[in-house]
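**Student:** Questions regarding the structure given below will be posed in turn.
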Ligand code: XMP
């Protein structure tokens, strides 16, 4: 049964104007957790690009600038044209207040961390279901010092008078409802989208699958689609969605680049067969490893691996020249990040090379059904589609595979050492039921040999570094506090069972300052 009438149901999207906050993506995720679709845009997005998006609400994020600083980002000139509810968060609040004629000043004391908020009116929709006093999380230097005409104060803290204000359906809050430290944070966002914007909560896996299948059918008609699969969750879910849409016209290709983990190629092909998806297998190991000969620079390795994938695809499609579409498992964070990386101020950390990068002179049209999804949403869709846990819950594995986990030159003997060590590490992690708790856990082969002693003999062998991290989306990561006993068994098994490794170290670097992969 519909909660709302059809007119309201039409407006199903919340857009988030990103002023550069580290939490913008988190706002988008929280809105989607309310089963409402959300998208992140920049303040300079044009009105014409947004006009057909069925926007039912607009959120302005926080950001590092001060609204009174010269050149600071202001509110877009189209903001009020949509005539939908607006919620400004932190800098977003200050931008609205500044625009409407109120004032914002640098506070004498910046406010970071928890503050107790007091609600002025318990009937206020934004705070429906919340107590009159609760903890909120603050992170600001500037504060609102006077409200524009027509605005009401709806909540304060001891040190921040204008902690929440409103005028009609325009709301502004100084605290961050998107972070877990704000009690009732999710409830406040849920109230905004459902009680104030009155958006029907239809963004569910089931709804996504039904509408995406329709879209794919419309896009590809009777044409053939090539889907390069890696065995990871993104390409598997992409393949499963396309398979459900146009079964007989899907061609899945699994390229063994020689940089996979122990038994991986056999496992992936078998699991796809079990899920009734036919996979064509190409073993291009020799081609990849010989192209990587003498290469030690990480970016060079990525470039070569990417180009070799392309040439393997090219030979494959020459033999199958009726393929018109190429399916890719691109996710929303990749889309947002590539937009951010276009900024001249963004520094390039590393080029992430995905399997299936499209060569410029190949005449494929792209099918990217996951372009608007976060990883956890993709896992939900995979489960709903009935994919096995082995595929859905897999930890991410980079496109260049073990190639960026061997420091220095990649050789067959080094690949063997790393495969064996990684296999043992994974076995121990799984035995201790930690696999799903960790974003990633893997072994890295270092390019140094060190002296050891085994029995009465001197050894001079390679070192393995263990990397295990917890993360929500790989943008930041914490090194995992694995139990000492577990580290002990991983270390003694690797040094005893892998001939050629005499030392194991544990990487205790978070991201930042490190990255998850070593290269
Ligand atoms: P970093 O090392 O940048 O990794 O902290 C973040 C996430 O991205 C994965 N990664 C890659 N994935 N091609 C990929 O498909 C790449 O070149 C690549 N480099 C890193 C990494 O495993 C982690 O999940």
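The values are calculated or read from the model by the stated rules, or taken from the named source; none is laboratory data. Remember, predicted model here, so these are calculated numbers, not experimental data. No Cβ is skipped: glycine too gets one built from the backbone with ideal geometry, and neighbour counts run over all protein chains shown.
**Student:** Give the residue that is nearest to residue 77 (Cα to Cα), with candidates limited to residues of region 97-129 that are at pLDDT 95 or above and within 30 Å of the chain's Cα centre (by Cα).
**Tutor:** 126
**Student:** Test residue 54 against the stated conditions and say whether it is more than 30 Å from residue 159 (Cα to Cα), surrounded by 17 or more Cβ atoms within 10 Å (Cβ to Cβ) and touching a strand residue (DSSP E or B) at 6+ places or on another chain (Cβ under 7 Å). Explain how you work it out, then say what you get.
**Tutor:** Values: more than 30 Å from residue 159 (Cα to Cα): yes; surrounded by 17 or more Cβ atoms within 10 Å (Cβ to Cβ): no; touching a strand residue (DSSP E or B) at 6+ places or on another chain (Cβ under 7 Å): yes.
No.
**Student:** Applying the selection to region 448-471, what residues are within 30 Å of residue 21 (Cβ to Cβ) and out of contact with any helix residue (DSSP H, G or I) (no Cβ under 8 Å at 6 or more places or on another chain)? Quick ask: steps written out before the conclusion?
**Tutor:** In the first step, residues of region 448-471 are kept if they are within 30 Å of residue 21 (Cβ to Cβ); the result is 467-471.
467, 469, 471 - these are the residues of region 448-471 that are within 30 Å of residue 21 (Cβ to Cβ) and out of contact with any helix residue (DSSP H, G or I) (no Cβ under 8 Å at 6 or more places or on another chain).
**Student:** Here is a list of conditions, (1) more than 33 Å from the chain's Cα centre (by Cα); (2) in contact (Cβ under 8 Å) with a residue 40 or more places away in the chain, and residue 84 meets all of them except one; can you say which number that is?
**Tutor:** (1)
**Student:** For region 257-271, indicate whether the set of residues that are more than 26 Å from the chain's Cα centre (by Cα), under 20 Å from residue 330 (Cβ atoms) and buried (at least 17 other Cβ atoms within 10 Å of the Cβ) is non-empty.
**Tutor:** No, region 257-271 has no match at all.
**Student:** Quick check on my filter: what residues within region 496-519 are more than 25 Å from residue 302 (Cβ to Cβ) and either out of contact with any strand residue (DSSP E or B) (no Cβ under 6 Å at 6 or more places or on another chain) or within 16 Å of the ligand (Cβ to nearest atom) (or both)?
**Tutor:** We begin by selecting, within region 496-519, every residue more than 25 Å from residue 302 (Cβ to Cβ); these are 496-504, 506, 508.
Those that are more than 25 Å from residue 302 (Cβ to Cβ) and either out of contact with any strand residue (DSSP E or B) (no Cβ under 6 Å at 6 or more places or on another chain) or within 16 Å of the ligand (Cβ to nearest atom) (or both): 496, 497, 498, 499, 508.
**Student:** Taking residue 218 as the residue in question, decide whether it is more than 29 Å from residue 394 (Cα to Cα), without any contact (Cβ under 8 Å) to a residue 24 or more places away in the chain and assigned to a helix (DSSP H, G or I). Before you say what the answer is, go through the steps one by one.
**Tutor:** Values: more than 29 Å from residue 394 (Cα to Cα): yes; without any contact (Cβ under 8 Å) to a residue 24 or more places away in the chain: yes; assigned to a helix (DSSP H, G or I): yes.
Answer is yes for this residue.
**Student:** Please enumerate the residues belonging to region 313-325 that are under 29 Å from the mean Cα position of the chain (by Cα) and surrounded by fewer than 19 Cβ atoms within 10 Å (Cβ to Cβ).
**Tutor:** Initial filter on region 313-325 (under 29 Å from the mean Cα position of the chain (by Cα)): 313, 324-325.
Across region 313-325, the qualifying residue is only 324.
**Student:** Restricting to region 416-444, give me the number of residues that are in contact with a strand residue (DSSP E or B) (Cβ under 8 Å, 6 or more places away or on another chain), more than 11 Å from residue 261 (Cα to Cα) and within 16 Å of the ligand (Cβ to nearest atom).
**Tutor:** The total comes to 9.
**Student:** Ok, one more. Quick check: is even one residue across region 443-463 under 17 Å from the mean Cα position of the chain (by Cα) and crowded, with 20+ Cβ neighbours inside 10 Å? Lay out the reasoning, then the answer.
**Tutor:** Filtering region 443-463 down to residues under 17 Å from the mean Cα position of the chain (by Cα) leaves none.
Scanning region 443-463 turns up no residue that is under 17 Å from the mean Cα position of the chain (by Cα) and crowded, with 20+ Cβ neighbours inside 10 Å.
**Student:** Something else now. Could you check region 272-316 and list, in sequence order, the residues that are modelled with pLDDT of 95 or more and in a loop (DSSP other than H, G, I, E, B)?
**Tutor:** Matches in region 272-316: 284, 292, 293, 294, 295, 296, 297.
**Student:** Additional query: Can you say whether residue 142 is part of a strand (DSSP E or B) and modelled with pLDDT under 95, as far as the supplied structure shows?
**Tutor:** Values: part of a strand (DSSP E or B): yes; modelled with pLDDT under 95: yes.
For residue 142, the condition - part of a strand (DSSP E or B) and modelled with pLDDT under 95 - is met.
**Student:** Within region 166-193, can you find the residues that are out of contact with any helix residue (DSSP H, G or I) (no Cβ under 7 Å at 6 or more places or on another chain) and part of a strand (DSSP E or B)? Before the answer, list the steps.
**Tutor:** Restricting attention to region 166-193, the residues satisfying the condition of being out of contact with any helix residue (DSSP H, G or I) (no Cβ under 7 Å at 6 or more places or on another chain) are 166-168, 175-176, 180-185, 187, 190.
Residues satisfying the conditions are 166, 167.
**Student:** Can you tell me which residue in region 369-382 is surrounded by the most Cβ atoms within 10 Å (Cβ to Cβ), limited to those that are in a loop (DSSP other than H, G, I, E, B) and within 15 Å of the ligand (Cβ to nearest atom)? Give the steps one after another, and end with the answer.
**Tutor:** We begin by selecting, within region 369-382, every residue in a loop (DSSP other than H, G, I, E, B); these are 369-374.
Filter again for within 15 Å of the ligand (Cβ to nearest atom), leaving 370, 374.
Working: 370: 26, 374: 18.
Among residues in region 369-382 that are in a loop (DSSP other than H, G, I, E, B) and within 15 Å of the ligand (Cβ to nearest atom), the one surrounded by the most Cβ atoms within 10 Å (Cβ to Cβ) is 370.
**Student:** Taking region 383-404 as the search range and keeping residues that are more than 16 Å from residue 264 (Cβ to Cβ) and in a helix (DSSP H, G or I), which one is farthest from the ligand (Cβ to nearest atom)?
**Tutor:** Taking region 383-404 as the starting set, the residues that turn out to be more than 16 Å from residue 264 (Cβ to Cβ) are 383-387, 389, 392.
Adding the requirement that they be in a helix (DSSP H, G or I) leaves 383-384, 389, 392.
Numbers: 383: 20, 384: 23, 389: 19, 392: 16 Å.
Applying the filter and picking the extreme gives 384.
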